[in-house]
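Asker: Below: one structure in structure tokens.
The values are calculated or read from the model by the stated rules, or taken from the named source; none is laboratory data. Small disclaimer: the values here were computed from a predicted structure and weren't measured. Cβ sites come from the backbone with ideal geometry, for glycine too, and all protein chains shown count toward neighbours. Heavy atoms of the whole protein, side chains included, go into the accessibility calculation; ligands, DNA and RNA do not. Shrake-Rupley method; radii C 1.70, N 1.55, O 1.52, S 1.80 Å.
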Amino acid sequence: MKLKNHTIITLLLLSVWVGCISPPDDFPTVPQIDFNNLEFVQTSGSDSLIITLDFRDAEGDLGLNATDIFPPFNELNYITDDAGQFITYSERPEDAPDFNNRDWVIFPLINNQEIKDTLWVAENEDYYNILVKFFIKRGGNYTEFNWSDPPYFTTFNGRFPRLLEEEQQRAIEGEIRYSMLSLGWNSVFRNDTLKLEIKVKDRALNESNVVSTPDFTLSQIER
């Protein structure tokens, strides 16, 4: 089972500190985020789980555009053998996973050349700049719900675009509204008590603090 999911990002810049104007002393070099809100919106199509975060950053180097696909922001790493050769599905070792859309790529384009085979890959976490973990609470204990495991083979990590197009460093603060869309929220979680943990990265790969949502059920946060 593979749940089709999408993400939608809404950004609100509240302040941009420019020129000779000094930002507040507590603006951090490492991005700082705070939990703001969490909503569940059902529609006739995909339902949305929406996180709102407040953020502050001293350099303003937050966000990745569609063209930011070269290392270290490449989406995939191609796994090689001891001889440095790509590992194909037909010659996979015993410890390789069975075919799925997360671990194997068919006819990938590498250095502008199509490889007419199926290659073993690993997701590059630095491709994403917002990372989300899900936890289910049962008996007072939290257990991580890993979307990358079978039968889902997916992720709700994502990207938000550059907040400032120019490379000049500027301190910024504002809101990130991150919508995770799926057809499967109710079928997967039903009445489970959940918690999310979220962090963001800047382009220097500095990771923010991790924020947690309060415990919730989908019905409790439905809008």
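Asker: Could you check Asp57 against (1) modelled with pLDDT of 95 or more; (2) in contact with a Pro (Cβ under 9 Å, 6 or more places away or on another chain) and say which number it fails?
Answerer: Condition (1) is where Asp57 drops out.
Asker: Another question, then. Under 7 Å between Cβ atoms, which residue pairs at least 6 apart in sequence (or on different chains) link something in the stretch 43-59 that is under 16 Å from Leu163 (Cβ atoms) and basic (Lys, Arg) with a partner that is assigned to a strand (DSSP E or B) and open to solvent by 40 Å² or more (accessible area, probe 1.4 Å)?
Answerer: Filtered contacts from the stretch 43-59: Arg56/Gln32; Arg56/Glu173.
Asker: Further question: Would you please list the contacts, defined by Cβ atoms under 8 Å and residues six or more apart or on different chains, that run from a residue in the stretch 170-198 that is outside any strand (DSSP E or B) and open to solvent by 50 Å² or more (accessible area, probe 1.4 Å) to a residue that is modelled with pLDDT of 95 or more and of a type in the set (Val, Ile, Thr)?
Answerer: So the pair list comes out as Asn191/Thr217.
Asker: Further question on the same structure: Does Phe216 satisfy the condition of being within 30 Å of Asp98 (Cα to Cα), at pLDDT 95 or above, among the aromatic types (Phe, Trp, Tyr) and surrounded by 16 or more Cβ atoms within 10 Å (Cβ to Cβ)?
Answerer: Considered against the rule, which asks whether it is within 30 Å of Asp98 (Cα to Cα), at pLDDT 95 or above, among the aromatic types (Phe, Trp, Tyr) and surrounded by 16 or more Cβ atoms within 10 Å (Cβ to Cβ), Phe216 comes out as no.
Asker: How about the stretch 199-213: which of its residues are part of a loop (DSSP other than H, G, I, E, B), within 18 Å of Leu53 (Cβ to Cβ) and in contact (Cβ under 8 Å) with a residue 60 or more places away in the chain?
Answerer: Answer for the stretch 199-213, where residues must be part of a loop (DSSP other than H, G, I, E, B), within 18 Å of Leu53 (Cβ to Cβ) and in contact (Cβ under 8 Å) with a residue 60 or more places away in the chain: Arg203, Asn206, Ser208, Asn209, Thr213.
Asker: Next up: Could you tell me whether the stretch 90-99 includes any residue that is touching a Pro at 6+ places or on another chain (Cβ under 7 Å) and open to solvent by less than 50 Å² (accessible area, probe 1.4 Å)?
Answerer: No.
Asker: Among the residues of the stretch 143-159, which ones are surrounded by 18 or more Cβ atoms within 10 Å (Cβ to Cβ) and assigned to a strand (DSSP E or B)?
Answerer: Gly158
Asker: Look at the stretch 97-148 and say how many of its residues are out of contact with any helix residue (DSSP H, G or I) (no Cβ under 9 Å at 6 or more places or on another chain), within 30 Å of Ile176 (Cβ to Cβ) and of a type in the set (Phe, Trp, Tyr).
Answerer: Count: 5.
Asker: Output the residue which, of all residues in the stretch 127-142 that are open to solvent by less than 40 Å² (accessible area, probe 1.4 Å), not β-branched (Val, Ile, Thr) and not in a loop (DSSP other than H, G, I, E, B), is nearest to Gly63 (Cα to Cα).
Answerer: Looking at the filtered set, the residue picked out is Leu131.
Asker: Let me ask something else. Please specify each residue of the stretch 77-119 satisfying the condition of being under 22 Å from Thr154 (Cα atoms), modelled with pLDDT under 95 and not in a loop (DSSP other than H, G, I, E, B).
Answerer: Of everything in the stretch 77-119, just one residue is under 22 Å from Thr154 (Cα atoms), modelled with pLDDT under 95 and not in a loop (DSSP other than H, G, I, E, B), namely Leu109.
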